[in-house]
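Encoded as C-alpha cells, the structure appears first; notes follow it.
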Amino acid sequence: MALDLAVGGSAARRAETQTLAPVLLMGPPPPPPIPPTTGMYLPGPPPPGALLSRPIPMALPREVIVYMDECRSRSLLKFISDAGIVPSLEDELRRERVVRELGKIVMEWAKRVAHEQGKQHWIASATVLTFGSYALGAYGPESDIDVLCIGPYIATLQHHFFVVLRQMLEGRPEVSELHSIEGAKVPLMRFKFNGILVDFPYVQLPVINAAEAMHAFDPHVLENVDGPSWRCLSGVRANRQIIQLVPNMKKFQYLLRCLKLWARRRGLHCHLLGFFAGIHLTILAAYVCRRHPNASINTLLSLFFDIFVHWPWPLPVSLLDPPVLCRGPDGCSLMPIMLPCNPPEFCSSSTTESTFSKIKEELRRGYALTKDTRSTDFDWSWLFASFPYGARYKCFLRIVLSAPLDEELRDWVGWVKSRFRNLLLKLESLGIYCDPDPSEQVDHTITEPNVVFFWGLVYRRNIQICTSSLKEDFMKSVCNNIYGKEKCAHSDITMSIVGPPQLPKSIFDLSVYSEKLPQHMMGHQLMKQRYNAVS
C-alpha cells in the first residue's frame with residue numbers, strides 16, 4: 001500500500017505539473033525560434049521559461065588567428081616605442097662610455113691601494129662587469145646600469161671601497177648624487193655618471209690581479225668568494241645562464257621591457273618595498289620565452305599573466321631543474337624565484353603578505369585584460385595604466401625622511417629604505433595591509449631636504465594607529481648598528497596618517513584604469529571590496 005501511495009503521489013505530481021505548465025507561461029506560446037545560421041546565435045532575449053545552452057563559438061581559421069596575433073604584436077611594439085622605453089643609438093653609446101670610464105677609475109684605484117700598502121702595484125688590477133637589464137640588452141633610456149666593481153684581496157670593502165674609491169669618484173666632475181648603502185644585503189654605492197644612474201656593488205677576489213682572474217672567470221678563484229660578494233657574482237652568472245637558455249633574445253628583450261613598464265606603472269617595481277626586483281622579472285620573462293620559443297610578443301605577454309596567475313605558489317620558479325616545494329630564506333617563502341646557477345640559490349626578496357596580495361591582484365587584472373586575443377583593436381593603455389592610489393584607498397601612512405644636507409639625505413633614504421620591510425611586517429602584525437607607493441615625493445613646505453613616501457592602508461580589523469609608537473618600534477631596526485646610529489644623529493623620520501585630499505596631485509589621479517575600463521574587463525576583486533578601509 002505504501003508503494004502504491006508513493007507511485008500514485010508521483011504520478012499525481014507529474015500530472016499537476018503538466019497541467020500547470022501552460023498557466024505559468026502566461027499567454028500564447030512563443031513563436032518558433034529562428035533557425036540559426038553559420039556564425040549566428042538567436043537574436044534578442046530568450047522566450048519565457050526557455051532554457052538555452054551556452055553558445056559554442058566556432059573555431060577561427062588558423063590564418064585569421066595568425067593575422068590577429070600579428071596585428072596585436074605590432075600595436076604592442078608601437079605602444080612601447082611611443083612610451084619611450086626603447087633606447088636610441090645615442091643612449092647605447094653613452095652607457096658604453098660610462099662603463100669604460102668606470103673601468104679606468106677602478107684600475108687606477110687598485111694600483112693606488114697596492115702602492116700605499118707596498119704591494120706589487122704593477123700587477124695589482126681591478127675591473128668592472130655589467131649585469132642586470134643592461135647586460136641583457138633590455139634596458140630603457142631611464143634605466144640604471146648595474147656595474148660590479150671587482151678588486152684585489154688588498155682592497156677592503158669598508159675602507160678602500162667605501163672611503164678611498166668614494167673619494168676618487170667624488171673628485172670626478174661626471175659624478176653626482178653619490179651615496180653609500182653600506183647596511184644592505186648587497187652593500188653598494190649609487191651615483192649618477194654623466195646623468196646615468198649607476199648601482200655599484202663590490203666583489204673582493206682572493207688574488208691581486210683581479211682583472212685577469214675575472215677575464216678567465218676562474219672557478220678556483222670564484223669558489224673562495226663568499227658573503228655579499230657571492231650574491232653579486234650570482235647575478236653575473238645568472239645573466240650568462242639566461243643568455244644561453246633563452247631561444248630568442250630579441251623577443252625576450254621586448255617582453256622584459258613590457259613587464260618592467262607594467263610593473264612601474266602599477267607600483268610593483270621596488271624590491272625594497274616588497275615588490276619585484278629586476279632579476280625577478282628577468283627570470284619570469286625567461287621562463288615564458290623558454291617554454292614558448294615560437295610565440296609572438298603579444299602571445300608571450302598574454303602567457304606571462306596566464307602562467308603566473310595560476311602558478312601554485314610557493315612552488316619556486318626555476319629555469320633549470322624541475323621546481324620542488326621548498327622554503328626559502330626570509331622574504332622568499334611567499335613567491336620564491338630561483339637563480340639559474342649551481343648550487344641553487346633564491347633571488348633575494350622582501351615580499352610580505354600584503355605586497356604579495358597586491359602582486360597577485362595585478363596578475364589577475366593583467367590576465368583578465370589579455371586572455372582574449374581575438375580582438376585586433378586592443379587598447380594597451382588599459383594594461384599599462386598608472387595605479388590609482390588616490391581612488392583606491394581612504395587613508396595613507398605618510399613617511400617623511402629629512403636631513404640637513406642633500407648628500408646626507410641620499411644616504412639616509414637609502415639606509416631607511418633597506419629597512420622598510422620591518423615596517424611592513426609591523427603593520428601587518430597589527431592587522432593592516434599596506435600598498436607602498438614606490439614613487440618619492442618632496443614636501444616644499446619643509447625647509448630641510450626631504451623625501452616623502454605614501455603607503456595605502458587597508459584595515460583588516462578595527463584599530464587605530466599610534467604613529468609615535470610605530471616610529472619608535474621602527475627606529476629600533478633603523479638604529480640597530482653603528483652605521484644606523486650615526487645616520488640617526490643628523491637625520492629624522494616623521495609619520496602621520498592622511499587622507500586622499502592630502503596627497504600630491506601626481507598620486508591623487510583617477511587613471512584610465514578606474515574611469516574608462518569596462519567593469520567586465522577588471523577580472524578581479526578590489527582589495528577595498530575584500531576589507532573595509534576605515535579612516
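Return the pair list, or none, for Cβ contacts closer than 7 Å from residues in the range 143-165 that are farther than 14 Å from P201 by Cβ and hydrophobic (A, V, I, L, M, F, W, C) to residues that are assigned to a helix (DSSP H, G or I) and open to solvent by less than 10 Å² (accessible area, probe 1.4 Å), at least 6 apart or on different chains.
Filtered contacts from the range 143-165: I154/V113; I154/A114; V164/W109; V164/V113.
Please find, among Q464, Q502, the residue that is open to solvent by 90 Å² or more (accessible area, probe 1.4 Å), within 17 Å of S429 (Cβ to Cβ) and either of a type outside the set (F, W, Y) or modelled with pLDDT of 65 or more (or both).
Working: Q502 fails: within 17 Å of S429 (Cβ to Cβ).
Only one candidate passes the filter, namely Q464.
Being within 29 Å of V198 (Cα to Cα) and without any contact (Cβ under 8 Å) to a residue 40 or more places away in the chain is the filter here, so list the residues in the range 70-97 that pass it.
K78, S81, D82, L89, E90, E92, L93, E96
Could you check how many residues of the range 116-173 are open to solvent by less than 60 Å² (accessible area, probe 1.4 Å), within 28 Å of H280 (Cβ to Cβ) and not in a strand (DSSP E or B)?
15
State whether the residues of the range 252-268 include one that is open to solvent by less than 40 Å² (accessible area, probe 1.4 Å), modelled with pLDDT of 90 or more and on the phi > 0 side of the Ramachandran plot.
Among the residues of the range 252-268, at least one is open to solvent by less than 40 Å² (accessible area, probe 1.4 Å), modelled with pLDDT of 90 or more and on the phi > 0 side of the Ramachandran plot, which makes the answer yes.
This table checks each residue for (1) of a type in the set (D, E); (2) assigned to a helix (DSSP H, G or I); (3) under 14 Å from C289 (Cβ atoms).
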position: L233; (1), (2), (3): no, yes, no
position: R237; (1), (2), (3): no, yes, no
position: I242; (1), (2), (3): no, yes, yes
position: K251; (1), (2), (3): no, yes, yes
position: R257; (1), (2), (3): no, yes, yes
position: R264; (1), (2), (3): no, yes, no
position: H269; (1), (2), (3): no, no, no
position: F276; (1), (2), (3): no, no, no
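Looking at K471, K485, can you tell me which residue is among the basic types (K, R) and over 28 Å from K394 (Cβ atoms)?
K485
Scan the range 397-412 and give yes if some residue there is aliphatic (A, V, I, L, M), open to solvent by less than 60 Å² (accessible area, probe 1.4 Å) and under 21 Å from the mean Cα position of the chain (by Cα), otherwise no.
Looking for residues that are aliphatic (A, V, I, L, M), open to solvent by less than 60 Å² (accessible area, probe 1.4 Å) and under 21 Å from the mean Cα position of the chain (by Cα), one finds none in the range 397-412, hence no.
Out of everything in the range 428-453 that is of a type in the set (V, I, T) and in a loop (DSSP other than H, G, I, E, B), what residue ends up being nearest to the chain's Cα centre (by Cα)?
Out of the qualifying residues, it is V442.
Going by what's in this entry, would G456 be described as closer than 22 Å to S349 by Cβ, at pLDDT 95 or above and either open to solvent by 40 Å² or more (accessible area, probe 1.4 Å) or outside any loop (DSSP other than H, G, I, E, B) (or both)?
The answer is yes for G456.
Mind listing just one residue for me: the one in the range 471-499 that is among the acidic types (D, E) and under 19 Å from R410 (Cβ atoms) and, of those, modelled with the lowest pLDDT?
Filtering the range 471-499 for residues that are among the acidic types (D, E) and under 19 Å from R410 (Cβ atoms), the one modelled with the lowest pLDDT comes out as E486.
Output the residue which, of all residues in the range 49-85 that are polar (S, T, N, Q) and at pLDDT 90 or above, is farthest from D379 (Cα to Cα).
S81
Just a yes or no: is a residue in the range 424-435 modelled with pLDDT under 85, of a type outside the set (A, V, I, L, M) and open to solvent by less than 40 Å² (accessible area, probe 1.4 Å)?
Looking for residues that are modelled with pLDDT under 85, of a type outside the set (A, V, I, L, M) and open to solvent by less than 40 Å² (accessible area, probe 1.4 Å), one finds none in the range 424-435, hence no.
Looking at (1) open to solvent by less than 30 Å² (accessible area, probe 1.4 Å); (2) under 17 Å from I145 (Cβ atoms), can you tell me which one L93 breaks?
All conditions pass for L93, except number (1).
Which ones in the range 269-323 are modelled with pLDDT of 95 or more, of a type in the set (A, V, I, L, M), closer than 16 Å to L256 by Cβ and open to solvent by 30 Å² or more (accessible area, probe 1.4 Å)?
The answer is L303, I307.
Can you name the number of the only condition in (1) of a type in the set (K, R); (2) free of Cβ contacts under 8 Å to residues at least 60 places away in the same chain; (3) in contact with a Ser or Thr (Cβ under 6 Å, 6 or more places away or on another chain) that R421 fails?
Looking at each condition in turn, R421 falls short on (2).
Looking only at the range 476-484, decide whether some residue is farther than 27 Å from L261 by Cα and among the aromatic types (F, W, Y).
yes
Would you mind stating whether E407 is closer than 30 Å to G183 by Cα, touching a residue at least 40 places away in the same chain (Cβ under 8 Å), in contact with a Ser or Thr (Cβ under 6 Å, 6 or more places away or on another chain) and among the acidic types (D, E)? Working first, answer last.
Details: closer than 30 Å to G183 by Cα: yes; touching a residue at least 40 places away in the same chain (Cβ under 8 Å): yes; in contact with a Ser or Thr (Cβ under 6 Å, 6 or more places away or on another chain): no; among the acidic types (D, E): yes.
Judged against the criteria, E407 is not a match.
The values are calculated or read from the model by the stated rules, or taken from the named source; none is laboratory data. Not measured: the values here are computed from a predicted model. Positions of Cβ are generated from backbone atoms using ideal geometry, with glycine treated the same way; all protein chains shown enter the neighbour counts. SASA here: full protein model, heavy atoms, side chains in, ligands and nucleic acids out. Shrake-Rupley method; radii C 1.70, N 1.55, O 1.52, S 1.80 Å.
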